[in-house]
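The values are calculated or read from the model by the stated rules, or taken from the named source; none is laboratory data. What you see is a predicted model, and the numbers here were worked out from it, not measured in a lab. Reconstructed Cβ throughout: ideal geometry from the backbone, glycine too, with neighbour counts over all protein chains shown.
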Amino acid sequence: MKNQRSDLHVSQDINRTLVRQDVKVKSIDYRYANGRVTFKGRLEKRHGKEIEDKDEVKKIEHQLKRIDGVTTVEWDLKNWKKEHGGWQKIDGGDDLREQIREYRGN
């Protein structure tokens, strides 16, 4: 059974795990409370590189689930979705800011 840890300590472990997995933390927002962590945004690597491999997404998820205090991980991502236990890349998952940048040629 997992020990009771403060939300702050668990949130710090979540952030450290994302950084260790080379995830761009500014592209993804997460909330942690009562064992549940919810992610929203884009799952991408630092330096703006997309994560293209579903095994890499699985590895990130696995590492997050190993954090003491995390019992549930939920995802609401623009570029990946989890269905029937498997990960699928979502085409056209760019947010509006990225679409405008492409349109302008920046």
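Summary table below
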{"read-out": "Answer from 10, 57, 37 - the residue that is farther than 20 Å from residue 86 by Cα and hydrophobic (A, V, I, L, M, F, W, C)", "value": "10"}
{"read-out": "Residues located in the stretch 5-29, provided they are surrounded by 16 or more Cβ atoms within 10 Å (Cβ to Cβ) and closer than 20 Å to residue 44 by Cα", "value": "11, 13, 14, 17, 18, 21, 23, 24, 27, 28"}
{"read-out": "Residue check for residue 8: of a type outside the set (Val, Ile, Thr) and at pLDDT below 95", "value": "yes"}
{"read-out": "Subset of the stretch 1-47 (residues that are under 14 Å from the mean Cα position of the chain (by Cα), of a type in the set (A, V, I, L, M) and within 15 Å of residue 66 (Cβ to Cβ))", "value": "14, 18, 37"}
